[in-house]
Structure formats: structure tokens, C-alpha cells
1. Is it the case, given these coordinates, that Asp58 is surrounded by fewer than 20 Cβ atoms within 10 Å (Cβ to Cβ) and either part of a strand (DSSP E or B) or within 12 Å of the chain's Cα centre (by Cα) (or both)?
2. So which residues in segment 171-183 are of a type in the set (A, V, I, L, M, F, W, C) and either surrounded by fewer than 20 Cβ atoms within 10 Å (Cβ to Cβ) or more than 20 Å from Asn142 (Cβ to Cβ) (or both), if there are any at all?
3. Identify the residue in segment 107-127 that is within 12 Å of Leu97 (Cα to Cα) and not hydrophobic (A, V, I, L, M, F, W, C) and, among all such residues, is surrounded by the fewest Cβ atoms within 10 Å (Cβ to Cβ).
4. Return the total of residues in segment 184-202 being part of a loop (DSSP other than H, G, I, E, B), crowded, with 16+ Cβ neighbours inside 10 Å and of a type outside the set (S, T, N, Q).
5. In segment 23-40, which residue that is touching a residue at least 24 places away in the same chain (Cβ under 8 Å) and in a helix (DSSP H, G or I) is surrounded by the most Cβ atoms within 10 Å (Cβ to Cβ)?
6. Can you tell which of Gly215, Gly254 is part of a loop (DSSP other than H, G, I, E, B), at pLDDT below 90, out of contact with any Cys (no Cβ under 8 Å at 6 or more places or on another chain) and not charged (D, E, K, R)?
7. Within segment 121-138, can one find any residue that is within 23 Å of Arg47 (Cβ to Cβ), in contact (Cβ under 8 Å) with a residue 40 or more places away in the chain and in contact with a strand residue (DSSP E or B) (Cβ under 8 Å, 6 or more places away or on another chain)?
8. Can you find a residue in segment 150-170 that is buried (at least 17 other Cβ atoms within 10 Å of the Cβ) and more than 19 Å from the chain's Cα centre (by Cα)?
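The values are calculated or read from the model by the stated rules, or taken from the named source; none is laboratory data. Because the structure is predicted, anything quoted here is derived from the model rather than measured. We place every Cβ from the backbone using ideal geometry, glycine too, and count neighbours over all the protein chains shown.
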Amino acid sequence: MGCFASKSSETKASRVSRWRSTGIVALRDSKLKTFPDEIIDLDRTVRTLDLTHNRIADIPLEISKLINMQRMVLTDNIIERLPVNLGKLQSLKLMNLDGNRITSLPDELGQLVRLERLSISGNLLTSLPSTIGSLRNLLILNVSNNKLQFLPESVGSCFSLEELQADDNLIEDLPSSVCNLSHLKSLCLDNNNVKQIPQNLLKDCKALQNISLHGNPISMDQFQQMDGFQEFEARRKKKFDKQIDSNVMIGSKGLDEGVDL
């Protein structure tokens, strides 16, 4: 028994040593129910944390010690809330919280000013904090499969945003501020309650190539009558033609047609 315990201790020690040398902590499918203390003890060493597909319910306040962490992936756990000191993780560039039970995001989210990718699909969100507008470096925002009834006006201040995915929610209207997203390329709002989109969206969002509005009470006629539709259609077709050329070469069966009403 003593030898076995020693061997287990050595295995754990070598694992922690590897994490410390690489900066990568990966514990996917490890049947964890609590956040491992040994990760917190690594503090500034951690660059990437992946705890996908466990049974973790709580994230400890001490996670704020991981101030150099750039990627945090906590997909497919049972997390219900995020710590209020989340904003101290100011090195974060990617945060993936898909498939949990999160009902709200703390206002401190807006302090993650280096964040480029935020994915929190498949949760129980009813709203987003207005501080999300402080995420000026955010490129991709995925809030699909939640219970959102609206997007905050402040989302229009995420000036770097290129992809906004909000499929399968309860959204009825888009804030007019989305017209400020001059870098936006893709807007996905399938299966919501959207009746109309801001009149200047196609005119002002000059990079927009793809809009998906399947399963909403909005008609193609409404869409085609919007200012900037012809220019949008030209961008969409150009993108689609490039995809065809690329997919012919690799034999892909999936093509994005760019607009889905």
C-alpha cells in the first residue's frame, strides 16, 4: 500500500511539473467535481486551462491568481455562476463556457479588455451585462442557445467584432448600435423572434457578408428593400464564389449561402 501511495504521489508531482514547464493545464474528461487546488498553486505559470467535460459546479475566487492565463476552456460542466473577481484575469484572450448552467455574467466581464473570443452558448442567460461594450478587442461573440430577449445597446461598442452568433434565443429586436460594427462579417440570429433589423444595418456594416435569420418572422421582401442591400448582395456572392472555388478543390459538401431567411 505504501509503495502504491508513493507512486501516485510521484505521478501527481510529475503532472504538476509538466504543467509548470509548459503552461498548459489539460484535464478533459477527468471526472472532476471540484476545481483542483494544484492549478491555483501554479498561479502565474498557467497560460492555457482546459477542464472540458467534467462535473465542476463552482469556480473558486482564487482563480484570479492565474493572471497570465490567456485561454480558459470550461466547456460542458455544471457551472452556475462566475466569480465576481473574474475581471482580474486581464491576460485572457479566449474564454469558452459553452454547455453549462450559467444564468448571468458579472459586470466585471468588461474588465477583460484583451478578450478576443467569448463563447457562452448552451447556458441559461436571460441578459448580457452592459459592460460587454468595453470589450473593444472582441472578434467573436457566441451567445447562442440561451434565453436572451435582447442584446444590450452597448454591444455596438465592441468595435472589432467580426462574428456575432445569437441563434436559438428569444430576441425580438436588435439594438440600432449594431450598425456601428463596421468590421462585422457574420450575423447569425436563427430561431429567434426578430421581426425587423435596423434599417441602416446593410448600409453601415460594410464588411457584412453573411446574415442568417431562419426561423424568424421577417420576410425576404423586407430584407431586400433595405438600404445597402445591393452592396451586401455583391459581397455575399463574392464570398460564396470563393467558397465554391475552395470547396471544389477539397470536395466539401457544405457551402454557406450567406443569407438565410
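1. On the way: surrounded by fewer than 20 Cβ atoms within 10 Å (Cβ to Cβ): yes; either part of a strand (DSSP E or B) or within 12 Å of the chain's Cα centre (by Cα) (or both): no.
No; evaluated as a whole, the condition is false for this residue.
2. Taking segment 171-183 and keeping what is of a type in the set (A, V, I, L, M, F, W, C), we get 171, 174, 178-179, 181.
Passing the criteria: only Cys179.
3. Among those residues, the one meeting the criterion is Arg117.
4. First, pick out the residues of segment 184-202 that are part of a loop (DSSP other than H, G, I, E, B): 184-185, 189-195, 197-200.
This time we only want the ones that are crowded, with 16+ Cβ neighbours inside 10 Å, so: 184-185, 189-192, 194, 197-198.
From what is left, the residues that are of a type outside the set (S, T, N, Q) are 184-185, 189-190, 194, 197-198.
Residues flagged as part of a loop (DSSP other than H, G, I, E, B), crowded, with 16+ Cβ neighbours inside 10 Å and of a type outside the set (S, T, N, Q) within segment 184-202 amount to 7.
5. Of all residues in segment 23-40, those touching a residue at least 24 places away in the same chain (Cβ under 8 Å) come to 23-35, 38-40.
Now restrict to residues that are in a helix (DSSP H, G or I): 38-40.
Values: Glu38: 12, Ile39: 22, Ile40: 16.
Out of the qualifying residues, it is Ile39.
6. Working: Gly215 fails: at pLDDT below 90.
When all the criteria are applied, what remains is Gly254.
7. The answer is no; no qualifying residue exists.
8. Among the residues of segment 150-170, not one is buried (at least 17 other Cβ atoms within 10 Å of the Cβ) and more than 19 Å from the chain's Cα centre (by Cα), which makes the answer no.
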